[in-house]
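Structure record follows, encoded as structure tokens.
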């Protein structure tokens, strides 16, 4: 998957998305002071499910100290190569977002492009929110987005995509099982330099409602919601949006050793 991921995601404007995420950082400041002052409160950023590192590069260019985690070692190899080409640095490690094992503290964590939807159970979500809370300082942020049921039903109920380059060809079949709230993406990838070599990969995501997601991050008292937006806007997040960004603030007065999880 890592070998053709960037081609698959070529439609994504990472520079624009990074700018949007940075515009949310002032929500970490209770005083809601000038954006420049508030932004300075966020200097260290961790990206969960960082993939091939395109967002990390954009944040590094903007002057942030960045860290990245992904469960795919192959993705991280591509990310390291990209960072080196761009003359940027990030500490990267391989791991599951449900159990982020790192001796770092950051001002903000992000998890983008509906990566959190890979958590297939409420228990998985609870583990993510607790894990991230151990890395984000009190008063820091966790920004993530979800794919909505509206988006899956409208755009990916039975979607087929085929494409090829000189190195590979692939078929993607996306389908949504509404009664299970599960989104499937089946990939068949063929190495064009060796037509006998092909492999298949299935991606499954759980599609949560806004209410269901809110119940999970509020359950353990570690986070408070300070923003919920439709798409890349400041409009209130709604189920009719295709994507909803959540901005959570880490409660500063919680003793995690006494957390219920």
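The values are calculated or read from the model by the stated rules, or taken from the named source; none is laboratory data. Just so it is clear, the model here is predicted, and its values are computed rather than measured. Don't worry about glycine lacking a Cβ; one is built from the backbone with ideal geometry, like all the others, and counts go over all protein chains shown.
Just a few scattered comments:
- Failed item in (1) touching a strand residue (DSSP E or B) at 6+ places or on another chain (Cβ under 8 Å); (2) closer than 30 Å to residue 245 by Cβ, with residue 191 passing the rest: (2)
- The one condition from (1) touching a helix residue (DSSP H, G or I) at 6+ places or on another chain (Cβ under 6 Å); (2) at pLDDT 95 or above; (3) buried (at least 17 other Cβ atoms within 10 Å of the Cβ); (4) over 27 Å from residue 185 (Cβ atoms) that residue 39 does not meet is (2).
- Entirely in the stretch 84-171, the strands (runs of 3 or more DSSP E) that have 3 or more residues that are without any contact (Cβ under 8 Å) to a residue 24 or more places away in the chain and outside the structural domain of residue 58 (by TED's automatic domain parsing): 158-164
- Taking the criterion of being under 15 Å from the mean Cα position of the chain (by Cα) and within 18 Å of residue 21 (Cβ to Cβ), the residues of the stretch 98-127 that qualify are 108, 109, 110, 111, 112, 113, 114, 115, 116, 117.
- Looking across the stretch 58-68, just one residue is surrounded by fewer than 20 Cβ atoms within 10 Å (Cβ to Cβ) and touching a residue at least 40 places away in the same chain (Cβ under 8 Å), and that is 62.
- Residue in the stretch 172-184 that is nearest to the chain's Cα centre (by Cα), counting only those that are in a strand (DSSP E or B) and free of Cβ contacts under 8 Å to residues at least 24 places away in the same chain: 184
- Among all positions in the stretch 134-152, there is at least one residue which is within 18 Å of residue 250 (Cβ to Cβ) and out of contact with any strand residue (DSSP E or B) (no Cβ under 9 Å at 6 or more places or on another chain).
- When residue 27 is tested against the conditions (1) in a helix (DSSP H, G or I); (2) modelled with pLDDT under 95; (3) loosely packed, with under 13 Cβ neighbours inside 10 Å, the lone failure is (3).
- For the stretch 50-59, the condition holds for no residue, the condition being that it is closer than 24 Å to residue 245 by Cα, assigned to a helix (DSSP H, G or I) and not assigned by TED's automatic domain parsing to the domain that holds residue 249.
- Residue in the stretch 208-221 that is surrounded by the most Cβ atoms within 10 Å (Cβ to Cβ), counting only those that are modelled with pLDDT of 95 or more and in a loop (DSSP other than H, G, I, E, B): 208
- Of the residues contained in the stretch 236-244, one or more are found to be at pLDDT 95 or above, crowded, with 17+ Cβ neighbours inside 10 Å and farther than 16 Å from residue 21 by Cβ.
- Residues of the stretch 142-183 satisfying the condition of being in contact with a helix residue (DSSP H, G or I) (Cβ under 6 Å, 6 or more places away or on another chain) and either surrounded by fewer than 18 Cβ atoms within 10 Å (Cβ to Cβ) or at pLDDT below 95 (or both): 168
- Test result for residue 71, under 16 Å from the mean Cα position of the chain (by Cα) and either surrounded by fewer than 20 Cβ atoms within 10 Å (Cβ to Cβ) or at pLDDT below 95 (or both): yes
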